[in-house]
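Student: Please read through the structure below; I'll follow up with questions.
Only the coordinates and a few stated rules stand behind these numbers; no lab work does. If you're wondering where the values come from, they're calculated on a predicted model, not measured in any experiment. Glycine gets a Cβ as well: all are built from the backbone with ideal geometry, and neighbour counts include every protein chain shown.
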Amino acid sequence: MFDYHALLPEFILGATLLVVLGVDLAVAPRRRWLAGAAGIVGLLAAAVPLLTLAAAGGTREMFGGSYVVDDFALVLKGLFLVAGAIVLLASVSYLRSDRYYEGEYYFLVLASITGAVIMASSRDLITMFIGLELVSGPAFLLAGWRKGDLRSNEAALKFFLTGVLSSAILLFGMSLVYGTTGESTFAGIAAATAAVEGESAFVLGVLFVLVGFGFKVAAVPFHFWAPDTYQGAPLPVAAYLSVGSKGAGFVGLLTICYSAFGGARDIWGPALWILAVLSMTLGNLTALRQSNVVRLLGYSSVAHAGFILAPFAMAGVFEGAALQDAFFGSLTYLLVYAFMNLGAFAAVIAVAERTGSAEIDDWAGLARYSPALATLLGVFFFSLAGIPPLAGWFAKFVMFKAVLGDGGGGWGVALAVVAAVNAVIALFFYARVLKVAFMDPAPEVLPQGASVSRPLAAALAITAAVTLAAGFYPQMLAFFSEAARALALP
């Protein structure tokens, strides 16, 4: 059955891609920011059918169950569309500050977002892989968008090589799963798991799939590309990679493990437990040593990948309601992380434009000559640290609640202890940046960089509003996570 209503967001995104190319071709160079405006309008237009689909209710299956539009897909598609609009808002002034190709940039960002939207509805191996590659391919080019910068070239090359390697491992794992089960749809794989669970080829296939997605979400020990890529890429691209690209990886991991490998939780559960512990610990400890804010946020994103994986890892031993709580914990953390991390990167872009540097020491006394930016920086960094009443506290709360659920035993307690220690470590390096901004003396000659542009101010306002509102009224984001938790039904 072909459901045009269910596919309308994808159709709108496809049309938006063509419009962006047309605008870039038709307008004068000084007005090519209109291509970005067209992209933002297209993303918001694509979100409208999500509301009508949610109002209509029900689950829509197409192409033999390979493509499904349910509450889980709607929530994640909405996240990707909103995150994409925020990234484009943060990109407009950044691109115009130097000689960047604007139309092609917006086209590639929109193409990558389209891949993430496709992944949210993918329910078979082929569609999932195609969507993931559509996310990754444009991102390789975007990472090297500063063509004259050797660090940007290095970032793009490292990202490309590790991305290709991870795709090869992921595809090999998928081929082993298909070869042992004879199924490509997630429902078919789940039904066939009982008969092949003990086969070494199937176990190896599941582990290779985890490794492939581990690269995409920058989980330790597959994280080594992330900090260098974030630091070398244009700042809006780093923001997108830390949320859009990473979010797509988590969507794929959540979907395939819960929907396809639900009967093999004894295989992927312990593996994810180890990844969660390593990611939280190594990410936070390495962030302590960073002097560059972007690189610090790169290692911070590695650590947050561990926090997102923590409830997910415990799903290997949970049953019933505890299993649903684990899914709820990971999804809620992902939603909260997306907004507060996008806000943190938007604030870093604004401060870097004002000071001309992303080095922590160069931000000394920021609160004295730019108190609004310093305050926003504090909001986002303290939210990332999980300080109430900002949104991050709720993400940490549901994570700990899920990890300590019934049936977790000593493994759950141990993981909660590791997470608690790492939360304290994270507070230290976030607070160090804010200490420099608020307490260190300002330089004698104050920076005279550009003021915050209107699009970037809009991005800061949106992310700050969500971060504050979700902290005071966490049910706002919990509602969306609850709507999507049906996927975790055993």
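Student: Could you grab the Rg to Rh ratio for region 334-402? Cα atoms only, Kirkwood for Rh.
Tutor: Result: Rg/Rh = 1.06.
Student: What's the center-to-center distance, using Cα atoms, between region 178-228 and region 13-60 in Å?
Tutor: 34
Student: Then there's this: Does region 117-269 come out rounded, prolate or oblate, given a ≥ b ≥ c as the square roots of the eigenvalues of its C-alpha gyration tensor, rounded meaning a/c under 1.5 and, failing that, prolate meaning a/b above b/c?
Tutor: prolate
Student: Hey, rough spin-label estimate for SER357 and LEU18, points 7 angstrom out along Cα→Cβ, what's it come to in nanometres?
Tutor: Each label point lies 7 Å from its Cα, and together they span 5.0 nm.
Student: Still on this structure, please answer the following. Using θ = phi - 60° and the Karplus curve 6.51 cos²θ - 1.76 cosθ + 1.60, what whole-Hz ³J(HN,Hα) does each residue of region 276-290 get, with Gly and Pro shown as x?
Tutor: Result, rounded to whole Hz: 5, 4, 5, 5, 4, 6, 5, x, 6, 5, 6, 4, 4, 8, 7.
Student: Ok, one more. Which trypsin sites (Lys or Arg not before Pro) in region 235-317 sit in a loop by DSSP (not H, G, I, E or B) and have at most 12 other Cβ atoms within 10 Å of their own Cβ?
Tutor: Listed in order of number, the matching sites are ARG289.
Student: Taking +1 at the Cβ of each Lys and Arg and -1 at the Cβ of each Asp and Glu, which of ALA310, ALA346, PHE328 sits farthest along the dipole of region 263-490 towards its positive end, judged by Cα position relative to the Cα centre?
Tutor: So the residue we want is ALA346.
Student: Based only on Cα atoms, what mean projected area does the convex hull of the chain have, in nm²?
Tutor: Over every viewing direction, the Cα hull of the chain projects on average to 21.1 nm².
Student: According to a simple spin-label model (label point 7 Å from Cα along Cα-to-Cβ), what is the distance in nm between LYS401 and ALA28?
Tutor: Here the modelled spin labels are 5.7 nm apart.
Student: Starting from the Cα-Cα distance between LEU285 and VAL48, subtract it from 0.36 nm times their residue separation and give me the gain in nm to one decimal.
Tutor: Full-extension gain reported as 81.1 nm.
Student: Give me the distance in nm between label points sitting 7 Å out from Cα along the Cα-to-Cβ direction at TYR369 and ASN153, one decimal.
Tutor: Going from the TYR369 label point to the ASN153 one covers 3.4 nm.
Student: Moving on to the next point. Need the full-extension length gain, TYR4 to ALA194, defined as separation in residues times 0.36 nm minus the C-alpha distance. One decimal, nm.
Tutor: Using 0.36 nm per residue and subtracting the Cα-Cα distance, I get 64.8 nm.
Student: In degrees from 0 to 90, rounded to the nearest 10, what is the angle of the helix 8-26 Cα long axis to the longest principal axis of the chain?
Tutor: Taking the Cα atoms of the chain, the angle to 8-26 is about 30 degrees.
Student: For region 263-490, what log10 I(q)/I(0) values come out of the Debye formula at q = 0.16 1/Å, with one point per alpha carbon and no solvent?
Tutor: -1.03
Student: Tell me, what HN-Hα J-couplings in whole Hz come from the Karplus equation 6.51 cos²θ - 1.76 cosθ + 1.60 at θ = phi - 60° for each residue of region 181-194, using x for Gly and Pro?
Tutor: Taking θ as phi minus 60°, the curve returns 9, x, 10, 10, 6, 5, 5, x, 5, 4, 5, 8, 4, 4 Hz for region 181-194.
Student: Just subtract the alpha-carbon distance of TYR101 and VAL417 from 0.36 nm times their residue separation and send over the number in nm, one decimal.
Tutor: My answer for the length gained is 109.0 nm.
Student: Could you give the Stokes-Einstein D for region 292-338 in µm² per second, using the C-alpha Kirkwood radius, 37 °C, 0.692 mPa s?
Tutor: Answer from the Stokes-Einstein relation: 288 µm²/s.
Student: Where does helix 371-385 land angle-wise versus the long Cα axis of the chain, in degrees 0 to 90, nearest 10?
Tutor: Taking the Cα atoms of the chain, the angle to 371-385 is about 20 degrees.
Student: Further question: Give a residue-ordered list of calculated ³J(HN,Hα) values for region 59-74 (Karplus: 6.51 cos²θ - 1.76 cosθ + 1.60, θ = phi - 60°; whole Hz; x for Gly, Pro).
Tutor: Values per residue, Gly and Pro as x: 10, 10, 10, 9, 6, x, x, 7, 9, 10, 10, 10, 4, 4, 5, 5 Hz.
Student: Next question. Under the rule of at least 5 residues apart or a separate chain, name every residue whose amide H is placed under 5 Å from the amide H of ARG146.
Tutor: none
Student: Could you pull out every residue, at least 5 positions away or on a different chain, whose amide H is within less than 5 Å of the one on ASP124? Hs are placed 1.01 Å off N in the peptide plane, and Pro or chain starts have none.
Tutor: For ASP124, whose amide H was placed from the backbone, the distant partners under 5 Å are PHE186.
Student: Grab the DSSP H runs of the chain that are 4 residues or longer, score each as -39,500 (n - 2.57), total them, divide by all residues and round the 222 nm result to the nearest 500 deg cm²/dmol.
Tutor: Only helices count here, giving -25000 deg cm²/dmol.
Student: Using the alpha-carbon atoms, what tilt in degrees (0 to 90, nearest 10) does helix 125-143 show relative to the longest principal axis of the chain?
Tutor: Helix 125-143 sits roughly 20 degrees off the main axis of the chain.
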